[in-house]
1. Within the set of pairs 6+ apart or on separate chains, which have a first residue in the stretch 31-48 that is closer than 16 Å to Gly143 by Cβ, a second that is surrounded by fewer than 18 Cβ atoms within 10 Å (Cβ to Cβ) and at pLDDT 90 or above, and C-beta atoms under 6 Å apart?
2. Restricting to the stretch 243-281, name every residue that is at negative phi, surrounded by 16 or more Cβ atoms within 10 Å (Cβ to Cβ) and part of a loop (DSSP other than H, G, I, E, B).
3. Filter the stretch 123-157 down to the residues that are closer than 16 Å to Gly181 by Cα and buried (at least 21 other Cβ atoms within 10 Å of the Cβ) and list them by number.
4. Considering only the stretch 42-138, give the strands (runs of 3 or more DSSP E) lying wholly within it that have at least 1 residues that are of a type in the set (Asp, Glu) and closer than 26 Å to Gln20 by Cα.
5. Filter the stretch 25-61 for residues that are aromatic (Phe, Trp, Tyr) and buried (at least 22 other Cβ atoms within 10 Å of the Cβ); which is nearest to Glu99 (Cα to Cα)?
6. If we keep just the residues of the stretch 166-186 that are among the charged types (D, E, K, R) and not in a helix (DSSP H, G or I), which is surrounded by the fewest Cβ atoms within 10 Å (Cβ to Cβ)?
7. Yes or no: Pro86 surrounded by fewer than 17 Cβ atoms within 10 Å (Cβ to Cβ) and modelled with pLDDT under 95?
8. Has the stretch 157-165 got at least one residue that is of a type in the set (Gly, Ala, Ser), within 16 Å of Val73 (Cβ to Cβ) and either modelled with pLDDT under 90 or outside any loop (DSSP other than H, G, I, E, B) (or both)?
Amino acid sequence: MASYPLPSHLDGDARRLNLQHQAFRLILNEKLLLTPVVPADFSGRVLDIGTGTGLWAAEFAASHPAASAVVGVDLFQPDLPSPPSPPLPNLSFHILDIESNNWQPPFLQEEESFDIIHGRMVLFHMRDPLALLRKCFALLKPGGYLEFQEMEHPYRTDDDLKDSPTVRFSRLRLEAASKCGFDRSIAGRLAELLCEAGFELDDDGTCNECGVHDYKFPIGSWMEELRMKLVGEKYLECLRLGMVGFSKRVMMEGLGWTEEQVIKACEEVREDLGKGRVYAPVRVAVARKPSVAAAAVTG
């Protein structure tokens, strides 16, 4: 059994995952990727790791009909909220435990067979994130791009509520996850891990082509810009929907809490959510597999 610590969309988590996708679309100005040079007539192959309900993969396939394949993998088959009709010929979903050593199913084809690999909130839940990055490196064509979008714990605040129930509980979840083998602060180490796996980033770490982009995911509608208010509202609803589900296992296994203790703490946090200027740091890292000509995405 895979070690993924959260409920799946099959356990009623689909709405939260879809809201999370919408929030990421908003914060990235409706882009699916920050990866450079992905033209509308892109004809390459794309892998979406940890596809969830499949929304990202379906939207990419629909917006890039010339893409030869958009492959989504996860522990379960996705449950798209609005399956495309007619079905998209370039879109497929497959079951894969990304933490397993069995990465030889035929749908992945051979090594160096993908032009782009995308993952969102994946390394956050991995016990060996470097191993996954190395697998991605092997699957990418030379000059291909990898993009991971990761959230970081603990939550931060722009005011004096550093010991609010929301911020305090995020610190406890960070501690609990660490004791279970998960690094919820991994976003801060993304550049280092990508380089260790063999990827290229810009020398100065900027976002000119390959590098990191940092964002704030507000909890609630406290930011002034309308787009960010919407991000905050969606992320607030994500937390309300998923607080018990994504806290229970790590708190019980990592800190020895009872289920009743977790539920009580989550109820306290739910009452506090949206108060103050609290946010989750998010880092998007874009990296490239080296090639002789340092080519852009093929296709």
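1. Ser43/Ala66; Ser43/Ser68; Arg45/Ser68
2. Met243, Val244, Trp257, Leu273, Arg277
3. Leu123, Phe124, His125, Met126, Pro129, Leu132, Glu152, His153
4. The strands (runs of 3 or more DSSP E) meeting that bar are 45-49, 69-74, 114-120.
5. Only one residue tops the list, namely Trp56.
6. Asp183
7. Details: surrounded by fewer than 17 Cβ atoms within 10 Å (Cβ to Cβ): yes; modelled with pLDDT under 95: yes.
So Pro86 fits the description; yes.
8. No, there is no match, as no residue in the stretch 157-165 is of a type in the set (Gly, Ala, Ser), within 16 Å of Val73 (Cβ to Cβ) and either modelled with pLDDT under 90 or outside any loop (DSSP other than H, G, I, E, B) (or both).
The values are calculated or read from the model by the stated rules, or taken from the named source; none is laboratory data. Quantities reported herein were computed from a predicted structural model and do not represent experimental measurements. So basically every Cβ, Gly included, is an ideal-geometry build from the backbone, and we count neighbours across all protein chains shown.
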